[in-house]
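A quick write-up on the structure given underneath.
Every number in this text was worked out from the coordinates using simple rules, so none of it is lab data. All figures in this text were calculated on a predicted structure; none of them were measured in a lab. Neighbour counts are summed over all protein chains in view; Cβ atoms, including those assigned to glycine, are modelled from backbone coordinates with ideal geometry.
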Number of protein chains: 2
Amino acid sequence: MATTSLRTLQPRKTPVQERSAATVDAILQAAIQVLVSVGKERLTTTLVAMRAGVSVGTLYQYFPNKSALLQASLKRHMHGVATSVDHICKEYRSTSLLTMGSVLIDAYLSAKMRNVKESAALYAVSSDLDGLAIAKAAHARGCRVVAELFATASEGLTKDPEIVATMVMAALNGVSRRLLEAKSPEREHAPLREELLVLVRGYLLTCIQTKPAI
Amino acid sequence: MATTSLRTLQPRKTPVQERSAATVDAILQAAIQVLVSVGKERLTTTLVAMRAGVSVGTLYQYFPNKSALLQASLKRHMHGVATSVDHICKEYRSTSLLTMGSVLIDAYLSAKMRNVKESAALYAVSSDLDGLAIAKAAHARGCRVVAELFATASEGLTKDPEIVATMVMAALNGVSRRLLEAKSPEREHAPLREELLVLVRGYLLTCIQTKPAI
DNA sequence: TGTTTAGATGAAGGAACCTTCAGCTTTGGA
DNA sequence: TCCAAAGCTGAAGGTTCCTTCATCTAAACA
C-alpha cells in the first residue's frame with residue numbers, strides 16, 4: 001500500500017521538451033491558485049487544468065491522480081520554506097544561540113508570509129491523509145537541521161539539541177499558523193514577530209550552560 | 001450565503017423523545033469513530049449511520065448535510081477542551097502568573113490527550129472551510145478567557161493581556177499538535193509538557209513588572 | 001384500544017467529478 | 001520536407017456518494 005502510493009506519486013511522464021516543463025509548472029501554479037480561490041473541497045482537476053490553460057488530459061499525463069497533484073503542490077511550497085531555513089542553518093553555524101533563534105524566526109516567518117493566501121490554503125492539504133505524511137517529513141527534517149545548528153552554538157547547551165529544536169519549531173509553527181489565519185496577517189506580522197522573539201529568547205536562555213549577563 | 005450556512009447548521013428536527021436524543025448521540029459518536037478509522041476523505045454518511053446502528057435517513061433527520069455533521073462533531077470536541085480551560089480560568093483568578101501558565105498547560109494538554117486519536121483526526125475537519133470558522137471562533141474565545149485570567153494576575157503585566165494570551169495559546173497549540181501527530185504521543189507527553197512549561201514560564205517572566213527572585 | 005405524532009427505514013435518484021483513451025497537433029531532427 | 005516522438009485534447013465512461021421521500025414502526029395519550 002505504501003509502495004503503491006509512493007509509486008503513484010511519481011509523475012506519469014517526465015517532461016523532455018521545454019514546453020511540457022512549462023506546462024507542469026503552469027499546472028502546479030494553477031493548483032495553488034484554485035486552492036486559494038475555492039478551497040480544497042471544491043478544487044477539481046478540470047478547474048485546475050482550465051486555470052492552467054490546458055485540458056484535463058494533459059494534467060493526467062504528468063500527475064497520476066488528484067492526490068498526487070495536491071501532494072506535489074504541498075511539496076513545492078514546503079521546499080521553499082525549507083530552503084530558507086537550510087540556508088540560515090548553514091550560514092549561522094557557531095554563532096550565539098540567541099542569534100540563531102532570531103534569524104530562524106525571521107527566515108521562517110518571512111518565507112511563510114511571502115504568500116499568505118497560499119500558505120493558509122495549503123494547511124487544508126497538509127491535514128489530509130496524503131498531505132500529513134509530507135508535512136510530517138518536512139517538519140522532521142527541519143527539526144534535524146535546526147538541531148544540528150543549535151549543536152554548534154558558541155554557548156554550550158544544557159539539553160538535547162533535538163528537544164530544543166523541536167520546541168522552537170513547534171512554537172514557530174503555532175504562532176505562524178495563528179498569524180496566517182488572522183484577519184489581516186500583514187498587520188499582525190510585526191508585533192507577533194517581536195513577541196515570538198521574546199518567547200524564543202526566553203526559552204533559549206534557559207538552555208545555555210553559563211548564563212550571560214544579557 | 002452566511003445566513004444559509006448558519007441556518008443549515010441547525011438540526012433539521014429537534015429531539016423530543018428520549019430515544020431520539022440517544023440516536024443523535026450515537027450518530028455523533030459514530031462520526032468520530034469513522035473519522036478516526038478511515039479519515040475525513042473516506043468518511044461517508046452511510047458509513048457513519050451504519051456505525052451508529054441507524055439508517056442514513058435517520059441521520060438526515062437530525063443533520064441537514066454531511067458538513068453539518070462534521071461541524072457538530074468538531075464543536076463537541078472543542079467544547080470539551082474549552083470547558084476544561086474555562087474551569088481553570090475561573091478557579092485560578094488572582095493567583096501568580098506562573099501558576100496560571102502551569103495549570104493552563106496541564107488543563108489544555110490533558111484535555112487534548114484524553115483521546116489522542118480523536119484529537120488528531122479532527123485536525124482534518126478543522127482545516128476545511130466549514131471547520132475553520134468553528135476552530136477560529138473557539139480559539140478566539142479561548143484567548144479572550146485566558147486574557148481575562150492573566151489580567152487578574154497578582155503581579156502586574158507589562159503587556160496587553162490579550163497579546164500574552166495569544167502567544168501562550170499559540171505555543172500551546174503548536175506543541176500539542178506536534179505531540180498529537182507524533183508516532184507515540186503518550187511516550188512524548190511528559191517530556192514535552194515539561195519543556196512547554198519551561199518555554200511558557202520563560203515568556204511569562206518577561207511579562208511581569210517587578211521581577212521576583214524566582 | 002384507537003389515534004396521532006415522533007422516529008426510523010433504505011432503495012433509488014441524480015449530481016459531481018475523477019480518469020481514460022483514441023485521435024489530433026506540434027516539435028525536433030534526418 | 002517529412003517522419004517519429006512528444007505533447008495535447010475533451011467527450012464520455014464509470015464510480016462514488018449525498019440526499020430524498022414514500023412507507024413503515026413505535027410511542028404517547030385519550
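When a/c is below 1.5 the answer is rounded, else prolate if a/b is larger than b/c, else oblate, so apply that to the protein assembly as shown with a ≥ b ≥ c taken from the square roots of the Cα gyration tensor eigenvalues. Because a/c hits 1.5 or more and a/b fails to exceed b/c, the protein assembly as shown counts as oblate.
Sequence neighbours fewer than 8 away in the same chain don't count; with that in mind, list the lysines whose C-alpha is under 24 Å from residue A:112. Filter leaves A:40, A:75, A:90, A:136, A:183, B:136. With label points defined 7 Å past Cα in the direction of Cβ, position residue B:155 shows copy-to-copy spacings of 1.9 nm, given to one decimal and shortest first. Straight Cα distances below 16 angstrom link residue A:159 to the aspartates and glutamates A:148, B:188, B:194, B:195, with same-chain residues fewer than 8 positions distant left out.
Assuming R0 = 35 Å, what is the FRET efficiency of residue A:55 and residue B:83, from their Cβ-Cβ distance, to the nearest 0.05? In this case the efficiency is close to 0.10.
Can you tell me which of A:29-41, B:179-191, A:153-165 comes out highest on packing, and rank the rest after it, using the mean Cβ neighbours within 10 Å?
A:29-41, A:153-165, B:179-191
Taking the inverse of the mean 1/r over every pair of distinct Cα atoms in region B:119-214 gives a Kirkwood hydrodynamic radius of 15.0 Å.
Computed from phi, the 3J(HN,Hα) profile of region B:118-127 under the Karplus parametrisation 6.51, -1.76, 1.60 (θ = phi - 60°) reads 4, 4, 5, 5, 6, 4, 5, 6, 6, 9 Hz, with x in place of Gly and Pro. From a point 7 Å beyond the Cα of residue A:22 in the direction of its Cβ, which residues of region A:45-59 have a backbone N at a distance under 11 Å? Counting backbone N atoms under 11 Å from the label point, the list is empty. Relative contact order, whole percent, for chain A stands at 21, derived from Cα pairs under 8 Å and 6 or more residues apart.
Shielding value for B:162-173 is 5, the average number of Cβ atoms from other chains within 10 Å of each residue's Cβ.
Projected label points at residue B:194 and residue B:140, each 7 Å from Cα along the beta carbon direction, are separated by 3.9 nanometres.
Treating only the Cβ atoms of Lys and Arg (+1) and Asp and Glu (-1) as charged, compute the dipole magnitude of chain B about its Cα centre; round to the nearest 20 debye.
520 debye
Among the residues of B:39-45, the average count of other protein chain beta-carbon atoms within 10 Å of the residue beta-carbon is 2. Rounded to whole numbers, the Karplus 3J(HN,Hα) couplings from phi for region A:99-105 are 4, 4, x, 5, 5, 4, 4 Hz, using 6.51 cos²θ - 1.76 cosθ + 1.60 with θ = phi - 60°, and x at Gly and Pro.
Given +1 at the Cβ of Lys and Arg, -1 at the Cβ of Asp and Glu and no other charges, the dipole of region B:43-136 around its Cα centre is 100 debye to the nearest 20.
Look at the stretch B:111-124: the mean tally of other chain Cβ atoms within 10 Å of its residues' Cβ atoms is 1.
Distances between copies of residue B:46, taken at a point 7 Å out from Cα along the Cα→Cβ vector and listed shortest first: 2.3 nm. Can you list the residues of region B:98-128 with backbone N under 16 Å from a point 7 Å past the Cα of residue B:152, pointing along Cα to Cβ? The answer is B:98-104. Inter-copy label distances at residue A:19, using a point 7 Å along Cα-to-Cβ, come to 6.8 nm with the shortest given first. Please list 3J(HN,Hα) in residue order for region A:166-175, calculated via the Karplus relation 6.51 cos²θ - 1.76 cosθ + 1.60 where θ = phi - 60°; whole Hz, with x for glycine and proline. For region A:166-175, the Karplus-derived couplings read 4, 5, 4, 5, 5, 5, 4, 4, x, 5 Hz, x marking Gly and Pro.
A Förster distance of 22 Å, applied to the separation of the beta-carbon atoms of residue A:95 and residue A:210, puts the FRET efficiency at 0.85.
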